[in-house]
Each structure stands twice: as C-alpha cells, then as structure tokens.
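The values are calculated or read from the model by the stated rules, or taken from the named source; none is laboratory data. Fair warning: this is a prediction, and the values are worked out from it, not measured in the lab. Cβ coordinates were reconstructed from backbone atoms using ideal geometry, including for glycine residues, and neighbour counts include every protein chain displayed. Ligands, DNA and RNA are stripped out before the accessible areas are found, and what is left, the full protein with its side chains, is counted by its heavy atoms. Shrake-Rupley method; radii C 1.70, N 1.55, O 1.52, S 1.80 Å.
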Amino acid sequence: MVDIVLGFDFGIKRIGIAMGNTLTGQAQPLKVVSAIDNATRFQIIGELIAQWQPARLIVGEPRHPDGAEHDMTLRSRRFANQLHGRFNLPVELVDERYSSAVIASKRGDVIDDKAAAIILQQYFDASR
C-alpha cells in the first residue's frame, strides 16, 4: 500500500509544506502558507489534507546545533500537537537542524516549502 505523507516546516510567519509517498520515498515542495492567523493557516492545511489524504504528518523540530532546545522547538511541538488534535492523524517530529542551510537561496527567497521537503526526505531516509 502506498501512503501519502505531508511534511511541515513550521514558522511564525510562514509554514512550508511538502508531500511525498512511501512507494518512492521522495519528497517535493508543495506550498507555503503565509497566513498570519491560525484559523486561516489551519483552514489551508485542512484543504491540503482533504485533497491529498495523507496517512501521517511530519513536522520539523528545530534545535540548536548542539541539540539543545529553544523557543521554536516548543512552538513546533505545539503545532504538531494541534495538527494531531485537529486532523486526528499520526504526527511525528523530525530533527530539522540545518534543513534550511542546505538550500541554495538568495536573501528574500521564500524557501519554507523546500525546507519542508528536506525535513520530509530526512523522515523517508530514516525509515528505510
């Protein structure tokens, strides 16, 4: 059975979203949600979940390079808990240290969906 999986790079200003499936184990950028209010953010995410029917959701868990937690670690966990509570899907956290650092970009580029794809790819690679 092939399962669709959605990956998320949570941010205060934007949420990057990627998708992939368990057959190919390949992640690709899908969308950047720039809505400020939570109701709109979760409405857009809900529409994507309805469209893609994922079996699980993957959320990047940011940490300092030494592994220590910081403010965004807790915010990402809260976001993961909200996803689980709202959509009743399994949610897993994946260490996202350096996910944005490996993306070639220029100042001002929106790379959140690409970062989400890297997070989701890390999940697929670790699952093999």
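Say a paramagnetic label sat at a point 7 Å from the Cα of ASP37, along Cα to Cβ; which residues of the stretch 49-85 have their backbone N under 17 Å from it?
Counting only backbone N, you get no residues.
Which residue, ASP113, ASP66, ASP95, has the most motion in a Gaussian network model of the chain that connects Cα atoms within less than 10 Å?
The residue that fluctuates most here is ASP66.
Carbon and sulfur: what percent of the stretch 1-59's accessible surface (1.4 Å probe)?
Working: 1550 of 2910 Å².
Ligands and nucleic acids excluded, carbon and sulfur give 53 percent.
Within the stretch 1-55, report the trypsin sites (Lys or Arg not before Pro) that DSSP leaves as loop and that have at most 11 other Cβ atoms within 10 Å. If you can, show how the numbers build up before the last one.
Values: sites: LYS13, ARG14, LYS31, ARG41; in loops: LYS13, ARG14.
Passing sites in the stretch 1-55 are LYS13.
Which whole-number value in Å³ per residue fits the convex hull of the alpha carbons of the chain? Can you show the working numbers first?
Working: hull volume 13.5 nm³, N = 128.
So the per-residue Cα hull volume is 106 Å³.
Quick check for me: using +1 on Lys/Arg Cβ and -1 on Asp/Glu Cβ, what's the dipole size of the chain about its Cα centre, in debye to the nearest 20? Please report the intermediate quantities before stating the final value.
Working: 15 positive and 15 negative charges, 47 e Å.
That gives a dipole near 220 debye.
Long-range amide H contacts for VAL59: which residues qualify at under 5 Å (H placed 1.01 Å from N, peptide plane, sequence gap of 5 or more or a different chain)?
Sorted by chain and number, the residues that satisfy this are PHE8, GLU92, LEU93, VAL94.
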